[in-house]
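Below: the structure, in structure tokens.
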Amino acid sequence: MTLRIQLISPVDGSIYAQRNCADDAAIASALGAASAAQSAWRRTPIADRAAYCSAAVAAMLAMQSDIVPELAWQMGRPVRYGAGELRGFADRARHMIAIAPHALADVEPTPIDGFRRYIRREPLGTVLVIAPWNYPYLTAVNAVIPALLAGNAVILKHAMQTLLVGERFAAAFAAAGLPAGLFQNVLLTHTQTAAVIESGQVQQVNFTGSVAGGRAIAHAAAPGFLGVGLELGGKDPAYVRADANLAHAVENLVDGSFFNSGQSCCGIERIYVQQAVYAEFIERFAALTYDYVLGNPLDEATTLGPLVKPAAAEFVRHEVQAAVAAGARTLIDPSRFAANALGSAYLAPQIVVAVDHSMSLMREENFGPVVGIMAVQDDNQALALMNDSAYGLTASIWTTDLDAAEALGQQIDTGTVFMNRCDYLDPALAWTGVKHTGHGATLSSIGYEHLTRPKSFHLRHRI
């Protein structure tokens, strides 16, 4: 029986879209078409692949007026920020297009007379991209565009909460005239996704999502020795030293904690502040937090939309309550945010102090508009607490001392170290993580290494 998916909007709980999952015949057809198309695509010059991808980016941007309110309805992003995601989508895509000729070029070692030797970067085949709902264009583009540029076919399985995003990708590539079969958007259940991975007809899986989801992907991929790229979230820390520019740190860390209602894998979830500036920091932090306007994301005045679903908001409420029961205290009065309502997806931002690492709030990913803030005595204490986590995606250091930031960064277990910024992704740098944050890398020239395989040519032409 075909499963019908209902996309429930966090805006008002209504059914925003309904679609049928693919049946077995459609899945088999998609896999077959991808393999057939890729055999010719891999021989297509990179310049031609780039032209198709550039045209798809332009086609996607042309849909902005429709995409922005769709995002609000699907996952709650305020319309005032929707265009920003598309700008980021275009920036990442264009960067990866620009560096493709160099990143995918043959690697030639020191010449030896009588031999021709080089390493060619061969495409893998078909790449299955499993994208999440929280940044549905930004996360998907990290793999989709580079995979195609590298000579692979792509099957996109987007989150059911943002299923219209997959359709937008398909429409953009169709408008660009991309040869049929090279990019396909397929709506799959978890069971069907595992079956596709185990089918032997995909050669790489790129997944962004939960740790539990990553384990399931790795388990399904293991028998076939498939390559896997896993970005599984984080519990990203910030450390504010006494010499920091406090106004700059507060402004950016409030944004890093609460943008997208805290639903960001690299959002700030815990902050450590040197004791000398702690009192002033939390006072400023709380004052700025009250500037948020919680409400309907379709309203231009709204700066904080709902979480993706009521259950997500309830989870965050429980985390805060548990911390308070263990001795923590909150700084924000939720009643000052009119839209805050129990049982709904609308949740006021919250700051929790008097916290420690015995509390789940400081150890587990909350994925909501809440942040815990602790006072620390020195760099060593901050470093120990920053590393006391099962995750390692990003960490930020707020200081005017570049040498101190670099020295601390060398000791932090993380994929990216920031100084005086946070919650940001630079497409020129590898996006990666350690520990339970996952495995592999996207973006930068290193991202291409995870979407190709090296093939060595050792040719003796003089005998």
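Taking the criterion of being at pLDDT 95 or above, assigned by TED's automatic domain parsing to the domain that holds Gly166 and in a loop (DSSP other than H, G, I, E, B), would at least one residue in region 79-102 satisfy it?
Taking every residue of region 79-102 in turn, none turns out to be at pLDDT 95 or above, assigned by TED's automatic domain parsing to the domain that holds Gly166 and in a loop (DSSP other than H, G, I, E, B).
If you go through region 392-410, how many residues are farther than 19 Å from Gly438 by Cβ, of a type in the set (A, V, I, L, M) and touching a residue at least 60 places away in the same chain (Cβ under 8 Å)?
Here is the first cut: in region 392-410, the ones farther than 19 Å from Gly438 by Cβ are 396-410.
Now narrow it down to the ones that are of a type in the set (A, V, I, L, M): 397, 402, 404-405, 407-408.
Now narrow it down to the ones that are touching a residue at least 60 places away in the same chain (Cβ under 8 Å): 397, 404, 408.
Residues that pass the stated criteria total 3.
Considering Leu459, Leu443, Leu451, which residue is surrounded by fewer than 18 Cβ atoms within 10 Å (Cβ to Cβ) and at pLDDT 95 or above?
Values: Leu443 fails: surrounded by fewer than 18 Cβ atoms within 10 Å (Cβ to Cβ); Leu451 fails: surrounded by fewer than 18 Cβ atoms within 10 Å (Cβ to Cβ).
Within the list Leu459, Leu443, Leu451, the selection yields Leu459.
Can you name every residue in region 446-463 that is outside any strand (DSSP E or B) and over 21 Å from Ala100 (Cα atoms)? Please lay out each step first, then the result.
To start, the set of residues in region 446-463 that are outside any strand (DSSP E or B) comprises 446-451, 461-463.
Result: His461, Arg462, Ile463.
Name the single residue, out of those in region 235-248 being surrounded by fewer than 21 Cβ atoms within 10 Å (Cβ to Cβ) and either at pLDDT below 95 or touching a Lys or Arg at 6+ places or on another chain (Cβ under 8 Å) (or both), that is farthest from Lys435 (Cα to Cα). Let's see the steps before the verdict.
Filtering region 235-248 down to residues surrounded by fewer than 21 Cβ atoms within 10 Å (Cβ to Cβ) leaves 242-243, 245-248.
So of that shortlist, the ones also either at pLDDT below 95 or touching a Lys or Arg at 6+ places or on another chain (Cβ under 8 Å) (or both) come out as 246-247.
Details: Leu246: 31, Ala247: 33 Å.
Applying the filter and picking the extreme gives Ala247.
Here is a list of conditions, (1) under 21 Å from the mean Cα position of the chain (by Cα); (2) of a type in the set (Asp, Glu); (3) closer than 26 Å to Gly295 by Cα, and Asp66 meets all of them except one; can you say which number that is?
Among (1) under 21 Å from the mean Cα position of the chain (by Cα); (2) of a type in the set (Asp, Glu); (3) closer than 26 Å to Gly295 by Cα, the lone unmet condition for Asp66 is (1).
Starting from region 179-193, keep only residues that are closer than 11 Å to Ile27 by Cβ, then list their pairs with residues that are modelled with pLDDT of 95 or more and of a type in the set (D, E, K, R) whose Cβ atoms are within a distance under 7 Å, requiring at least 6 positions of separation or different chains.
Close Cβ pairs (under 7 Å, with a partner that is modelled with pLDDT of 95 or more and of a type in the set (D, E, K, R)) amount to Val186/Lys157; Leu187/Arg19; Leu188/Lys157; Thr193/Lys157.
Would you mind finding the one in Glu300, Glu314, Glu319, Glu365 that is loosely packed, with under 15 Cβ neighbours inside 10 Å, outside the structural domain of Thr162 (by TED's automatic domain parsing), of a type outside the set (Gly, Ala, Ser) and modelled with pLDDT of 95 or more? Walk me through how you get there before you give the answer.
Details: Glu314 fails: loosely packed, with under 15 Cβ neighbours inside 10 Å; Glu319 fails: loosely packed, with under 15 Cβ neighbours inside 10 Å; Glu365 fails: loosely packed, with under 15 Cβ neighbours inside 10 Å.
Going through Glu300, Glu314, Glu319, Glu365 in turn, just one is loosely packed, with under 15 Cβ neighbours inside 10 Å, outside the structural domain of Thr162 (by TED's automatic domain parsing), of a type outside the set (Gly, Ala, Ser) and modelled with pLDDT of 95 or more: Glu300.
Name the residue, out of Tyr137, Tyr118, that is of a type in the set (Phe, Trp, Tyr) and either closer than 25 Å to Ser199 by Cβ or assigned to a helix (DSSP H, G or I) (or both).
Unique residue meeting the criteria: Tyr137.
Looking only at region 302-311, filter to residues that are touching a residue at least 40 places away in the same chain (Cβ under 8 Å) and out of contact with any Ser or Thr (no Cβ under 9 Å at 6 or more places or on another chain); which one of those is nearest to Gln350 (Cα to Cα)?
Thr303
Only one residue in Val127, Val144, Val165 is part of a helix (DSSP H, G or I), hydrophobic (A, V, I, L, M, F, W, C) and farther than 30 Å from Gly13 by Cβ, so which one is that?
Numbers: Val127 fails: part of a helix (DSSP H, G or I); Val165 fails: farther than 30 Å from Gly13 by Cβ.
Of Val127, Val144, Val165, the one residue that is part of a helix (DSSP H, G or I), hydrophobic (A, V, I, L, M, F, W, C) and farther than 30 Å from Gly13 by Cβ is Val144.
Please give the number of the condition Gln410 fails out of (1) over 24 Å from Ala276 (Cα atoms); (2) under 21 Å from the mean Cα position of the chain (by Cα); (3) surrounded by fewer than 17 Cβ atoms within 10 Å (Cβ to Cβ).
The one condition Gln410 does not meet is (2).
Does any residue of region 273-282 turn out to be assigned to a loop (DSSP other than H, G, I, E, B), touching an Asp or Glu at 6+ places or on another chain (Cβ under 8 Å) and buried (at least 19 other Cβ atoms within 10 Å of the Cβ)? Reasoning before the result, please.
Let us first name the residues in region 273-282 that are assigned to a loop (DSSP other than H, G, I, E, B), namely none.
Within region 273-282, none of the residues are assigned to a loop (DSSP other than H, G, I, E, B), touching an Asp or Glu at 6+ places or on another chain (Cβ under 8 Å) and buried (at least 19 other Cβ atoms within 10 Å of the Cβ).
Name every residue in region 219-234 that is surrounded by fewer than 23 Cβ atoms within 10 Å (Cβ to Cβ) and either in the same structural domain as Val376 (by TED's automatic domain parsing) or in contact with a His (Cβ under 8 Å, 6 or more places away or on another chain) (or both), in order of residue number.
To start, the set of residues in region 219-234 that are surrounded by fewer than 23 Cβ atoms within 10 Å (Cβ to Cβ) comprises 219-228.
Those that are surrounded by fewer than 23 Cβ atoms within 10 Å (Cβ to Cβ) and either in the same structural domain as Val376 (by TED's automatic domain parsing) or in contact with a His (Cβ under 8 Å, 6 or more places away or on another chain) (or both): Gly227, Val228.
Select from region 42-63 the residues that are among the charged types (D, E, K, R) and loosely packed, with under 15 Cβ neighbours inside 10 Å and write down the one among them that is nearest to Leu124 (Cα to Cα).
Among them, the one singled out is Arg43.
Can you pull out the residues in region 64-101 that are surrounded by fewer than 18 Cβ atoms within 10 Å (Cβ to Cβ), more than 19 Å from Thr139 (Cβ to Cβ) and in contact with a helix residue (DSSP H, G or I) (Cβ under 7 Å, 6 or more places away or on another chain)?
Of everything in region 64-101, those that are surrounded by fewer than 18 Cβ atoms within 10 Å (Cβ to Cβ), more than 19 Å from Thr139 (Cβ to Cβ) and in contact with a helix residue (DSSP H, G or I) (Cβ under 7 Å, 6 or more places away or on another chain) turn out to be Pro69, Pro101.
Which residues, taken from region 194-212, are over 24 Å from Thr452 (Cα atoms) and either outside the structural domain of Asn20 (by TED's automatic domain parsing) or without any contact (Cβ under 8 Å) to a residue 60 or more places away in the chain (or both)?
Just the residues of region 194-212 that are over 24 Å from Thr452 (Cα atoms), to begin with: 210-212.
The answer is Ser210, Ala212.
Results for (1) over 21 Å from Gln184 (Cβ atoms); (2) in the same structural domain as Val68 (by TED's automatic domain parsing); (3) buried (at least 23 other Cβ atoms within 10 Å of the Cβ), shown as yes or no for each residue.
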| position | (1), (2), (3) |
| --- | --- |
| Arg117 | yes, yes, no |
| Thr126 | no, yes, yes |
| Tyr137 | no, yes, yes |
| Ala140 | no, yes, yes |
| Ala143 | no, yes, yes |
| Pro146 | no, yes, yes |
| Gly151 | no, yes, no |
| Val154 | no, yes, yes |
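The values are calculated or read from the model by the stated rules, or taken from the named source; none is laboratory data. All values reported here derive from a predicted model rather than from experimental measurement. Every residue, glycine among them, receives a Cβ derived from its backbone with ideal geometry; neighbour counts consider all protein chains shown.
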